[in-house]
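Undergrad: Here it is, the structure, as structure tokens.
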Amino acid sequence: MSDQAETLRPTRTPAFEARLKKRYASERRFKVLGLGAILFSVAVLVFLLINMTLSGLGGFQRTELAVPVDFTQAGLTIPANAADQREVVQALQRQGLPEVISFSAEQALGEEGADHVNNEAWRLVGEQIAADPTLLGQRVDLWLPTSEDLASAYAGDGNADLQPLARQLADQGLLEDRLDFGFMTRADATDPQLVGIWGALKGSILTMIVTLALAFPIGVLAALYLEEYAPKNRWTDLIEVSINNLAAVPSIIFGLLGLAVFLTIFPGYRSAPLIGGMTLALMTMPVIVIAGRNAIKAVPPSIRDGALAIGASPVQVVFHHVLPLALPGILTGTIIGMARALGETAPLLLIGMRAFVATPPESFTSNATVLPMQIFLWSDEIDRGFVERTSAAIIVLLVFLLLMNGLAIYLRNRFEKRW
Amino acid sequence: MSDSETQAADAELGLSNPSGKSLEHENVEVGEPKMRARDVDVFYGDKKAIDSVSIDIHTEFVTAFIGPSGCGKSTFLRALNRMNDTIPSAKVTGCIELDGEDIYASGMDVVQLRARVGMVFQKPNPFPKSIYENIAYGPKIHGLVESKTDLDEIVEKSLRRAGLWEEVKDRLEDSGTALSGGQQQRLCIARAIAVEPEVILMDEPCSALDPIATAKIEELIDELRGRYGIVIVTHSMQQAARVSQRTAFFHLGNMVEYGHTSDIFTNPREKRTQDYITGRYG
Amino acid sequence: MSASTLLLVVLGLGLAGWLVARSRAAMFRRAASDNRIASLPNYHGWYAALWIAVPALLFALVWASISGSLVMQSVLADPAAADLPPFGLQRETILSQAQAVASGAAQTVTNPAANALVEPFRRASNFYGIIGIVVTLLLAGTGAAFAFLRLKPDFRARNRVEKAVLGTLLVASLVAILTTVGIIASLVFETIRFFGMVSPIDFLTGTHWAPNPMTDDVNPDPARYGAVPLFWGTFFIGVVIAMIVAIPLGMMSAIYLNQYAAPRVRTWLKPALEILAGVPTVVYGYFAALTIAPAIRDIAMTLGVENPSSESALAAGLVMGVMIIPFVSSMADDSIAAVPQAMKDGSLALGATQNETIKKVLVPAALPGIVAGIMLAISRAIGETMIVVMAASATARLSANPLEAMTTVTYQIVANLTGEASTDSAATLAAFALGFVLFLVTLALNVVALRVVKRFREAYE
Ligand SMILES: Nc1ncnc2c1ncn2[C@@H]1O[C@H](COP(=O)(O)OP(=O)(O)OP(=O)(O)O)[C@@H](O)[C@H]1O
Ligand SMILES: [Mg+2]
């Protein structure tokens, strides 16, 4: 053949084939590197989750002492005129409930052990009685929280002098870690044995309601305006740049805004969900606008033309045809934005939502804190008990976030590109 | 190879030429086919896009694939240098040989295969790099050059062969994407020949170009013939008639007819071919 | 009447107006000769409802935001307020306690001085509350009268209502500008006040940072407000350390996901990255402070480093880098995916291997998008607060040793705004000045990056 007479083509020389081996080796290395990079991220995620779960599970428990109490002999009564739980507990306190408890504890645990029943244990018992008055006519076996010192000793650190006592009580079956359902219903406290997450959770819920109520309508309407009606001019450009920039501005800047503007207008509402929600709404709104615009852009023009052709006004076209079709996409973006707001701490730190809030907030204007802030506050505490409680709070927060993100991913996959 | 052998090969492919007159190429000495495809099927998932196609590609002449849109020309072309590997759902069965080696055999190396069987696409796709780097890319990744002067030489030679040298020799550092469409396509051809392939597959190389640019490319194809086996997919009957010596007509995944270009256009055996070239459909 | 009752009443009036106007329009229709009126009854309803509710609600909103300070003014004018301490924390406590009791939020005051003020507070808030309610209701009534006077069979209610809707849309989109203006205004205002105490030159070029809210409240020592160590710490943690982690890992993740991973693998790995991106920063901060920082300290110790810090820049930077990985990866993924398949085919058809194609064609082609993504990532890293607040240190230090403690701009903003300083002290104002610098830098990064991304998208569309 004519070609063969020429020199061998460069792509068929042995040297080429030798180089080929090296190129394939580099290909393999590259691929392994890529896989390694992504597995690293996955490993960090798994490590984070496992780490939090392991140390957090302890946070849903607390160390408690078994104390049988015989209320039949105690002579406690619930006054008929007590209006609510708080008054019942106060009345019981006046009648000597704390002494009844400490006496029973001494009987059951000995003097030393009784010293380590939590100082506030009688209050928890009082609340139980308020919920179920028939207890007063019974002998009941109660499990009461220990002092933080004994809890540490039982966990194997803290005061070494207490460890023999803890071991002894545990051997007698009087001391153990028990599931603490109250963690989900109580609010912040100074004693890790008595803290709960409900206060912060409720604060988060109230804050998120404000955020959603402001950011969703404003975000959707702004997206509609920009995508459907905005003329092409300098103003529109300015709005666009503003929104895109706001979506990328550090969250702490919104805190400075909230501090300088909202707290100047409403000075009395420092650390109220209302102000927190407003601040987070400004941060969430651009996210919703951007997601909304993309969703609206994805609605094919043929649908608009069809509706216009049968005589619908531009407003009707948008609200009857475009918006419903774009809604899944908008919702996905909203959920993601809300999830970000739910996990946000920095701006709220600046507007003062870091108060110590011992009772769950009652309204949008009462003092409140939020879940991530509670985590931050607890993480600063040195007591051993708070470490576990912090991880438990993180688990609660992550569960909420995972649910929200999962919902968003589900919505996106479900409704993606139907046309 | 003797004439009678060629005829035997032709007969095997159903390429009958009873009169023995192979028109303008009577005096061309025909060797072993460069590529040989036998009973090739291509599937996209469960869908069969190519049904039992057999064809030979010779270095001595340009082969044109014609046929209505969607009949599988591109699909078959991409099977020839395994570009179909990049489509996850695509599957090729049957046998395609390059110089007698099965290109789908496990011993065949895709990288080397593609270096030997180059491809030019419908839309010019220069890399967003300088003109020089566009040409140098192939020789560099394959390590074909030792020194910068060698590389300069290859770049100049390839651009000259593609007929682009005079137009760009003063602006080699400009971006390849800054050229006109026709220049971009010639750049892509230059890029393909810079690695000295044995076969060049061209998928509608002129469909995005104006008549003058098209004429330049056709000229170029004619000059490259003999040195490279060339396959060109085209929608233009005139173009097929102008540049090719062999034509294959595809229809609905089948190769309906293959033969000397002049025969196909003046004297097709199949009714479907006749209908197509007279413009009755497609 | 509380704010929420008032809201309900106004909305109720609006609803009533809607119903009445609608049925009236239906009547018009029956009366009309050809059974047609200019606009559908629903639009008559909306027209009336809007006129009733919108002005009233707008007023109520404005009133709610100013009545607080009106009440405070009239209380301070009351003779009982004469005994108040002139300023400071105590004065604020007394006022807020009295207010809490007056509004019923608290039962008793702990500070007896507040008792005298309860009554003035109650009086003033009642007075202004009643004014607010009366004016709100008056506005609703006026709106109703106006609307009903104009509703006629030939009235084009639809056009009016649609105009109102469009107006609302416009206003909604203006909120974004308003927010930006609000940010700039508040930052600039406080920054100027700060620069009245400490010159911008000292602030931007000084290398000693040690604000002391106790001593330099009024006459701060400019030499203690040199922010360079903060800028350096921010840069070193957020740009150097974090990006050394995030850029290679993020890029390689994106390349693997985009070019190598089988579709099934991709559907699992991508959400994992998204979850990593969704982990709140306070959790990362906790992780950095509790797990990574001690680990780094221990490792440094075994390597023979003397006194390694437990608040090292390395811990904060590493964790921040991990936090940024998904961000870099998703931007790079988008950019690489935007490179046309033809480009990739062109390279593969020349016999390039996959990684040669990626390194020499895809990544260079996607480079503008990738660079823009990295700029956005940097903007996010230097603005990140919780990780540094929890894992970095309060000590301002100019050092290139990652094992040393360093502080950042965001750390100092939080520290100076949540400390004891009063709102007018130099330390507080310095926080705003730092915020302003942070805002300007991130703004520049964002605007340039977004523009590059946009141009890049257009190039391949
Ligand atoms: N990636 C793919 N996945 C699935 N089916 C495909 C794919 N590419 C092509 N096809 C189908 O295979 C058939 C042949 O397509 P092909 O692109 O080869 O046609 P063609 O002859 O090149 O057409 P044209 O002249 O329009 O370029 C068509 O029916 C097409 O729909
Ligand atoms: Mg084709």
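Undergrad: Could you rank C:Asp333, B:Asp263 by how accessible they are, 1.4 Å probe, largest area first?
TA: B:Asp263, C:Asp333
Undergrad: Within the stretch C:336-372, what residues put their amide N at less than 18 Å from the label point 7 Å along the Cα-to-Cβ vector of A:Ser26?
TA: Flagged as within label range: C:347-365.
Undergrad: Between the helical axis of C:89-103 and the dominant principal axis of chain C, each derived from Cα atoms, what acute angle in degrees is found, rounded to the nearest 10?
TA: The helix C:89-103 is inclined about 40 degrees to chain C.
Undergrad: When all protein chains stay in place, what accessible area (Å², nearest 10, 1.4 Å probe) is found for A:Tyr269?
TA: Rounded to the nearest 10, that gives 90 Å².
Undergrad: Same structure again: Which of the lysines could be linked to A:Lys297 by a straight reach, that is with a Cα gap under 22 Å, when you skip same-chain ones fewer than 8 residues away?
TA: Filter leaves A:Lys232, A:Lys417, C:Lys454.
Undergrad: Angle between the Cα long axis of helix B:148-161 and the longest principal axis of chain B, 0 to 90 degrees, nearest 10?
TA: Helix B:148-161 sits roughly 40 degrees off the main axis of chain B.
Undergrad: Excluding ligands, DNA and RNA, what is the accessible area buried between chains A and C, summed over both sides, using a 1.4 Å probe, to the nearest 100 Å²?
TA: Summing both chains' loss of accessible area gives about 6700 Å².
Undergrad: Excluding ligands and nucleic acids, what accessible area in Å² is computed for B:Arg191 using a 1.4 Å probe, to the nearest 10?
TA: 10
Undergrad: Apply the Karplus parameterisation 6.51 cos²θ - 1.76 cosθ + 1.60, with θ equal to phi minus 60°, to every residue of the stretch A:28-35 and state each ³J(HN,Hα) to the nearest whole Hz, in sequence, with x for glycine and proline.
TA: Result, ordered by residue: 4, 4, 4, 5, 4, 4, x, 4 Hz.
Undergrad: Looking at the square roots a ≥ b ≥ c of the eigenvalues of the Cα gyration tensor of chain A, which shape do they give, rounded for a/c under 1.5, prolate if a/b is larger than b/c, or oblate?
TA: Judged from the Cα gyration tensor, chain A comes out oblate (a/c at least 1.5, b/c at or above a/b).
Undergrad: Okay, moving on. Given a 1.4 Å probe, how much area per residue of the stretch C:3-155 is accessible, in Å²?
TA: On a per-residue basis, 58 Å².
Undergrad: With angles folded into 0 to 90 degrees, how steeply does helix A:97-115 sit against the dominant principal axis of chain A? Use alpha carbons for both and round to 10.
TA: 90
Undergrad: Still on this structure, I have one more. So what does the Cα-only Debye profile of the stretch B:51-155 read at q = 0.11, 0.16, 0.24 Å⁻¹, as log10 I(q)/I(0), no solvent term?
TA: Once normalised to I(0) and log-transformed, intensities are -0.47, -0.92, -1.41.
Undergrad: Here's another thing I want to ask about it. Counting helices only, and only those DSSP H runs with n ≥ 4, report the 222 nm mean residue ellipticity of chain B as the sum of -39,500 (n - 2.57) divided by its residues, in deg cm²/dmol to the nearest 500.
TA: Value at 222 nm, helices only: -10000 deg cm²/dmol.
Undergrad: Roll a 1.4 angstrom probe over the protein heavy atoms and tell me the percent of accessible area of the protein assembly as shown that is carbon or sulfur.
TA: That share works out to 59 percent.
Undergrad: Using 1/(1 + (r/R0)^6) with R0 = 41 angstrom and r between the beta carbons of C:Ser69 and A:Thr359, what's the FRET efficiency to the nearest 0.05?
TA: Calculated transfer efficiency: 0.90.
Undergrad: Shifting gears a bit: With a 1.4 Å probe and every protein chain left in place, work out the accessible area per residue of the stretch C:222-459 in Å², rounded to a whole number.
TA: 34
Undergrad: Between C:Val447 and A:Tyr229, what FRET efficiency comes out of the Förster formula 1/(1 + (r/R0)^6) with R0 = 41 Å and r the beta carbon distance, rounded to 0.05?
TA: After rounding to 0.05, the efficiency reads 0.95.
Undergrad: Between chains B and C, what is the buried accessible area in Å², counting both sides, with a 1.4 Å probe and ligands, DNA and RNA left out, to the nearest 100?
TA: 1500
Undergrad: Also, I was wondering about something else. Partner chain Cβ atoms within 10 Å, averaged over the residues of A:234-247 - can you pull that number for me?
TA: Mean shielding by partner chains, rounded to a whole number: 5.
Undergrad: Further question on the same structure: Give the ranking of B:Asp210, B:Asp102, A:Asp188 by solvent-accessible surface, highest area first, calculated with a 1.4 Å probe.
TA: B:Asp210, B:Asp102, A:Asp188
Undergrad: Shielding of C:437-446 by partners, i.e. mean partner chain Cβ atoms within 10 Å per residue?
TA: Shielding by partners across C:437-446 averages 3.
Undergrad: Still on this model: Once phi is turned into ³J(HN,Hα) by the Karplus curve 6.51 cos²θ - 1.76 cosθ + 1.60 with θ = phi - 60°, what whole-Hz value does each residue of the stretch B:125-138 show in order, with x for glycine and proline?
TA: Along the stretch B:125-138, the couplings run 10, x, 6, x, 10, 5, 4, 4, 5, 4, 6, 6, 3, x Hz.
Undergrad: Same structure, new question: On each of the three principal axes of the Cα atoms of chain B, give max minus min coordinate, whole Å, ordered largest first.
TA: The Cα atoms of chain B stretch 53, 42, 38 Å along their principal axes.
Undergrad: Could you work out the mean count of beta carbons from other protein chains within 10 Å of each residue's beta carbon in C:252-260?
TA: Average neighbour count from other chains, rounded to a whole number: 5.
Undergrad: Suppose a student asked you for the relative contact order of chain A, using Cα pairs under 8 Å spaced at least 6 residues apart; what percent would you report?
TA: 19
Undergrad: From the cross-link list B:Lys123/C:Lys360; B:Lys123/B:Lys216; A:Lys21/B:Lys91, which pairs have alpha carbons spaced over 19 Å apart?
TA: B:Lys123/C:Lys360; A:Lys21/B:Lys91
Undergrad: Let me ask something else. Amide H to amide H under 5 Å from B:Met119: which residues, 5+ apart in sequence or cross-chain, H placed 1.01 Å off N in plane?
TA: B:Leu201
Undergrad: Something else about it: For chain C, what is the relative contact order in percent, using Cα pairs closer than 8 Å and at least 6 residues apart in sequence?
TA: 16
Undergrad: Given q = 0.08, 0.12, 0.16 Å⁻¹, what are the Debye log10 I(q)/I(0) values for the stretch A:198-414, with equal point scatterers placed on the Cα positions and solvent ignored?
TA: Results for the stretch A:198-414 at q = 0.08, 0.12, 0.16 Å⁻¹ read -0.34, -0.69, -1.06.
Undergrad: Turning to a different aspect of this structure: Under the rule a/c < 1.5 gives rounded, and otherwise a/b versus b/c splits prolate from oblate, where does the protein assembly as shown land using the Cα gyration tensor?
TA: The shape class here is prolate.
Undergrad: How large is the accessible surface per residue of chain B, computed with a 1.4 Å probe and reported in Å² as a whole number?
TA: Solvent-accessible surface per residue comes out at 41 Å².
Undergrad: Does the stretch C:99-207 come out rounded, prolate or oblate, given a ≥ b ≥ c as the square roots of the eigenvalues of its C-alpha gyration tensor, rounded meaning a/c under 1.5 and, failing that, prolate meaning a/b above b/c?
TA: oblate
Undergrad: Between B:Ala215 and A:Asp84, how many nm apart are label points set 7 Å from Cα along the C-beta direction?
TA: 9.5
Undergrad: Could you report the accessible area of C:Leu403 in Å², rounded to 10, computed with a 1.4 Å probe on the protein chains as they sit in the structure?
TA: 40
Undergrad: Where does each of B:Arg242, A:Arg234 land when they are ordered by accessible area, with a 1.4 Å probe and the largest first?
TA: Largest accessible area first, the residues go A:Arg234, B:Arg242.
Undergrad: Just to be sure I understand the interface: list residues from the stretch A:36-59 that lose 30 Å² or more of accessible area between the chain on its own and the complete protein assembly, 1.4 Å probe.
TA: In the stretch A:36-59, residues shielded by partner chains: A:Ala37, A:Ile38, A:Phe40, A:Ser41, A:Val42, A:Val44, A:Leu45, A:Phe47, A:Leu48, A:Met52.
Undergrad: Hey, another quick one. Rounded to the nearest 500, what is the 222 nm mean residue ellipticity of chain C from helices alone, with -39500 (n - 2.57) per DSSP H run of 4+ residues and division by all residues?
TA: Rounded to the nearest 500, it is -24000 deg cm²/dmol.
The values are calculated or read from the model by the stated rules, or taken from the named source; none is laboratory data. Please read all numbers here as calculations on a predicted model, not as lab measurements. FYI the Cβ positions are ideal-geometry reconstructions off the backbone, even for glycines, and counts take in every protein chain you see. We work out accessible area using only protein heavy atoms, side chains counted, and drop any ligands, DNA or RNA first. Shrake-Rupley method; radii C 1.70, N 1.55, O 1.52, S 1.80 Å.
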